[in-house]
Amino acid sequence: MAVKYVPTRQCVICRRQVPKPELIRFVVMDDKVIIDPTGRMNGRGAYLCSSVACREKAKKTNALSRHLKHPVEDQVWTTLETMGDA
């Protein structure tokens, strides 16, 4: 039986290559940064580890905003924190 191919993507903060389903994807849509739960939305995307350290560093350094070339609103960070607690 053939092994199914799992694509990998790189975390914006820690630069680790991780299987795509394990990462959180952010995408710019209508000049807003939103979380892409399906990983299939159109637009410029960036991936972030689900680790607390990467999330905190991304928020502190604005690395996600620089990568996506759009500001990340506070609502996105609060949504991300509630996702991490679940």
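Details
- Qualifying position, being under 10 Å from the mean Cα position of the chain (by Cα) and either of a type outside the set (S, T, N, Q) or surrounded by fewer than 18 Cβ atoms within 10 Å (Cβ to Cβ) (or both), among LEU64, LEU68: LEU64
- Given (1) at pLDDT below 95; (2) surrounded by 12 or more Cβ atoms within 10 Å (Cβ to Cβ), index of the condition TYR47 fails: (1)
- Verdict on ALA53 being among the aliphatic types (A, V, I, L, M), over 11 Å from the mean Cα position of the chain (by Cα) and either modelled with pLDDT of 95 or more or loosely packed, with under 14 Cβ neighbours inside 10 Å (or both): yes
- Of the candidates VAL76, VAL72, VAL33, VAL18, the single residue that is touching a Pro at 6+ places or on another chain (Cβ under 8 Å) and aliphatic (A, V, I, L, M) is VAL33.
- The single condition from (1) among the hydroxyl-bearing types (Ser, Thr, Tyr); (2) part of a loop (DSSP other than H, G, I, E, B); (3) in contact with a strand residue (DSSP E or B) (Cβ under 7 Å, 6 or more places away or on another chain) that THR79 fails is (2).
- Flag for ARG16 being more than 10 Å from the chain's Cα centre (by Cα) and at pLDDT 95 or above: yes
Let's see how each residue does on (1) part of a helix (DSSP H, G or I); (2) out of contact with any Ser or Thr (no Cβ under 7 Å at 6 or more places or on another chain):
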| position | (1), (2) |
| --- | --- |
| PRO21 | yes, yes |
| PHE26 | no, yes |
| ILE35 | no, no |
| ALA46 | no, yes |
| ARG55 | yes, yes |
| LYS60 | yes, yes |
| GLN75 | yes, yes |
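- Criterion: farther than 22 Å from GLU73 by Cα, of a type outside the set (Ser, Thr, Tyr) and in contact (Cβ under 8 Å) with a residue 24 or more places away in the chain - qualifying residue of ARG44, ARG15, ARG9: ARG9
The values are calculated or read from the model by the stated rules, or taken from the named source; none is laboratory data. Not measured: the values here are computed from a predicted model. Here the Cβ is made from the backbone with ideal geometry for all residues, glycine too, and neighbour counts use every protein chain on show.
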